[in-house]
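These notes are about the structure you will find just below.
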Amino acid sequence: RRLVEEAKSLGESKDVIDAFRRLQSLHEQWRETGPVAKEFRESLWEEFRAASSTVNRRHMEFFERRKAEEKLNEEKKTAFCEEVEAIDIEALKSFREWDEKSARVQEIQKEWKGTGPAPRKVNNTIYQRFRAACDRFFNAKSAFFKSVTARNDENMARKTALCEQAEAIAAS
């Protein structure tokens with residue numbers, strides 16, 4: 001009777017996975033426990049089986065729900081990858097344009113972190129894809145800023161040389 005009551009209480013448990021594991025233990029105990037009086041055998045088994053069915057159904061529903069959530073997460077993460085990959089780096093010509101796109105990529109990165117895992121078989125692959133797209137963007141941004149800085153340094157050197165020439169002419 002104790003095993004039946006424990007199995008029934010597992011049907012109410014908040015932790016579905018723990019309840020399922022504990023049910024497996026109860027099934028082992030059921031097999032190890034000796035026989036009961038013939039008039040109680042069938043009714044006890046039916047109660048135990050019904051309680052087990054409840055726990056098993058909740059366990060299965062939990063994983064079906066999780067599988068559906070992971071599929072949704074995969075779709076969201078794929079869309080994030082596509083959005084970052086679609087950024088036309090060649091079209092970004094000003095600091096403002098780069099800053100706007102950077103803000104969007106950072107926003108996408110935050111959304112990515114807030115999105116749960118994708119299915120295990122694709123989770124690592126989709127993360128690598130996202131990382132590559134973000135790295136491509138930020139490496140291009142860095143190269144743009146370095147080229148602008150180098151160009152500004154070059155212009156400053158030319159202007160300094162012109163000033164020195166002008167001062168030399170003025171002094172002569």
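Points to keep in mind about this one:
- Approximating the spin labels as points 7 Å out from Cα along Cα→Cβ, the K159-to-T125 distance works out to 5.3 nm.
- Set of lysines near K101 by C-alpha distance (under 16 Å), chain-local residues within fewer than 8 positions excluded: K93, K110, K141
- A Förster radius of 22 Å, combined with the Cβ-Cβ distance separating A150 from S94, puts the computed FRET efficiency at roughly 0.85.
- Between A140 and N56, full extension at 0.36 nm per residue minus the direct alpha carbon distance yields a gain of 25.0 nm.
- Gain upon complete extension [E111, K14; 0.36 nm per residue less C-alpha separation]: 32.1 nm
- Segments 79-85, 146-152 sorted - mean Cβ within 10 Å per residue, highest first: 79-85, 146-152
- Region 36-107 has equivalent-ellipsoid semi-axes of 60, 9, 5 Å, by the square roots of 5 times the alpha carbon gyration tensor eigenvalues, sorted largest first.
- When region 1-103 is described by a simple charge dipole with +1 on each Lys and Arg Cβ and -1 on each Asp and Glu Cβ, the residue from H59, L26, A91 located farthest towards its positive end is L26.
- Just checking the listed ones, L26, L162, L44: in the Gaussian network model of the chain with Cα springs under 10 Å, the one fluctuating most is L162.
- The chain: most fluctuating residue of R104, R158, R21 per GNM, C-alpha cutoff 10 Å: R158
- Mean-square fluctuations from a GNM of the chain, with a 10 angstrom spring cutoff on Cα atoms, peak among D99, D135, D15 at D15.
- Nearest-ten-degree value, helix 38-85 long axis tilted from longest Cα axis of the chain: 10
- A 1.4 Å probe over all protein chains sorts K113, K76, K159 by accessible area into K113, K159, K76, starting with the largest.
- For the pair E83 and H27, the difference between a 0.36 nm per residue extended length and the Cα-Cα distance amounts to 15.1 nm.
- Helix 16-32 vs. the chain, principal-axis angle (Cα, 0 to 90°, nearest 10): 30
- Compared with the dominant Cα axis of the chain, that is its longest principal axis, helix 95-114 is turned about 10°.
- FRET efficiency estimate (nearest 0.05) - Cβ-Cβ, E6 to K76, R0 41 angstrom: 0.50
The values are calculated or read from the model by the stated rules, or taken from the named source; none is laboratory data. Quantities reported herein were computed from a predicted structural model and do not represent experimental measurements. Every residue, glycine as well, gets a Cβ built from its backbone with ideal geometry; the counts of neighbours run over all protein chains shown. The protein model used for the area step is the full one, side chains on, heavy atoms only, and it has no ligands, DNA or RNA in it. Shrake-Rupley method; radii C 1.70, N 1.55, O 1.52, S 1.80 Å.
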